[in-house]
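If you scroll down you'll find the structure; I have some questions about it.
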Amino acid sequence: MYVLGLDVGSASSKVVILDDDKNIVSFSTVQVGTGSTGPARALEEVFKKTNGLKIEDMTKIVATGYGRYAFEKADKQISEISCHAKGIFHLVPTARTIIDIGGQDAKAIRLDSRGAVSQFFMNDKCAAGTGRFLDVMARVLEIEITDMAEYDSRASEVVNVSSTCTVFAESEVISHLSNNIPKENIIAGIHASVASKACGLAYRTGLEDDIVMGGGVAQNAGVVRAISRELRRPVIVAPNPQITGALGAALFAYDEAKKH
Ligand code: ADP
């Protein structure tokens with residue numbers, strides 16, 4: 001028996017296939033999300049990595065993410081909050097606080113000891129504090145998003161990026177660049193700004209340990225360090241954090257398949 005979870009996000013499309021023992025048989029990530037060829041490409045890629053599995057071989061399919069209703073082949077659609085919680089709790093059963101930063105939102109989720117969501121807080125109104133903010137800044141700084149963490153690790157100082165608006169913060173960064181402030185220090189300031197917004201959400205959950213990060217931005221070790229510094233607590237990064245929502249969707253598909 002095989003089941004599939006698809007997470008159609010704003011910035012990326014992720015797919016996970018599980019077998020009867022809840023092992024990940026295959027997964028894929030394509031760095032474009034809803035409204036693009038991303039979901040179709042992620043599906044094509046995930047099956048390519050298997051020994052001839054096809055979509056018809058999937059007993060149940062669950063879709064999640066911002067674009068979850070655009071995929072007609074799903075048996076069910078489930079919210080990102082539930083799927084991230086399910087995926088992360090499966091990987092890290094000691095997780096009680098989840099910080100998930102994606103392409104266009106940031107969430108803090110509180111779990112009980114059985115992994116049920118007891119509370120969540122979300123910023124989906126503003127790009128500041130999300131992956132989009134980091135993508136805009138990487139473009140202004142003319143560096144790859146994947147190099148941000150390394151620059152951050154070489155910073156000698158954390159420059160203040162105080163604007164709460166992405167457009168104004170972009171002007172602030174341009175002004176720092178024209179004042180010859182090293183990119184390393186500006187990037188540390190950008191990461192501190194994202195961290196402070198995520199921590200604002202996380203504090204509202206009561207901040208019980210363990211604190212676990214998921215979502216694409218958890219791959220940026222600079223943001224993870226900045227969050228840990230601000231919370232004065234260790235932060236665990238979920239293994240393969242960008243696919244935790246798709247994994248949660250696949251686990252819901254598994255439960256559905258076992259019901260019948
Ligand atoms: P969504 O689910 O909303 O589509 P993701 O959880 O995939 O979003 O997160 C996307 C964000 O993750 C991007 O905007 C980018 O800032 C960040 N990101 C993606 N890949 C990497 C990477 N390899 N290193 C650092 N940051 C990354």
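Would you mind calculating the gained length between ASP57 and THR37 on full extension (0.36 nm times residue separation, minus the Cα-Cα distance), in nm to one decimal?
Answer, rounded to one decimal: 5.0 nm.
Name the residue, out of MET213, MET137, MET58, whose mean-square fluctuation peaks in a Gaussian network model built on the chain with Cα pairs under 10 Å.
Maximum among the listed residues: MET58.
For the chain, what does -39500 (n - 2.57) per DSSP helix run (n ≥ 4), summed and divided by total residues, give at 222 nm, in deg cm²/dmol to the nearest 500? All intermediate terms of the calculation are to be shown ahead of the outcome.
Details: 8 runs with 101 residues, N = 260.
Taking each H run of at least 4 residues, the total per residue is -12000 deg cm²/dmol.
Using a Förster distance of 25 Å, how high is the FRET efficiency between GLU144 and THR94, based on the Cβ-Cβ distance and rounded to 0.05? Don't skip to the end; give the middle numbers.
Numbers: r = 33 Å, r/R0 = 1.33.
Using R0 = 25 Å, I get an efficiency of 0.15.
On to the next question. For the pair PHE168 and LYS22, what calculated FRET efficiency results from E = 1/(1 + (r/R0)^6), where r is the Cβ-Cβ distance and R0 = 45 Å, to the nearest 0.05?
Details: r = 46 Å, r/R0 = 1.02.
Computed FRET efficiency for LYS22 and PHE168: 0.45.
Related question: Can you order the peptides 215-224, 125-134, 161-170 by their average number of other Cβ atoms within 10 Å per residue, highest first? Spell out each step's value before the answer.
On the way: 215-224: 24.2, 125-134: 21.3, 161-170: 15.8.
Top of the packing list down: 215-224, 125-134, 161-170.
What FRET efficiency would be calculated for the residue pair ALA116, ASN179, taking the C-beta separation as r and a Förster radius of 51 Å, to the nearest 0.05?
Values: r = 50 Å, r/R0 = 0.98.
Efficiency, from the Cβ-Cβ distance: 0.55.
Right, next: No solvent, one uniform scatterer per C-alpha: report log10 I(q)/I(0) for region 93-237 via the Debye equation at q = 0.12, 0.21 1/Å, two decimals.
Rounded to two decimals, the profile gives -0.45, -1.23.
What are the membrane-span-like helices in the chain by this rule: whole DSSP H runs, Cα extent along the axis at least 20 Å, mean Kyte-Doolittle hydropathy at least -1.0? Numbers along the way, then the final one.
Numbers: long enough: 183-203 (29 Å, 0.54); 244-259 (23 Å, 0.11).
Answer set is 183-203, 244-259.
Another question, then. Take the residue pairs LYS14/LYS107; LYS48/LYS107; LYS22/LYS49; LYS73/LYS258; LYS14/LYS54; LYS76/LYS107 and return only those whose Cα atoms are more than 25 Å apart. Write out the running numbers ahead of the final one.
On the way: LYS14/LYS107 18 Å; LYS48/LYS107 32 Å; LYS22/LYS49 17 Å; LYS73/LYS258 19 Å; LYS14/LYS54 17 Å; LYS76/LYS107 22 Å.
With Cα atoms farther than 25 Å apart: LYS48/LYS107.
A short reminder: the numbers here are calculations on the coordinates, not readings from a lab. Treat the numbers as computed from the prediction; the structure is a model and nothing was measured. Don't worry about glycine lacking a Cβ; one is built from the backbone with ideal geometry, like all the others, and counts go over all protein chains shown.
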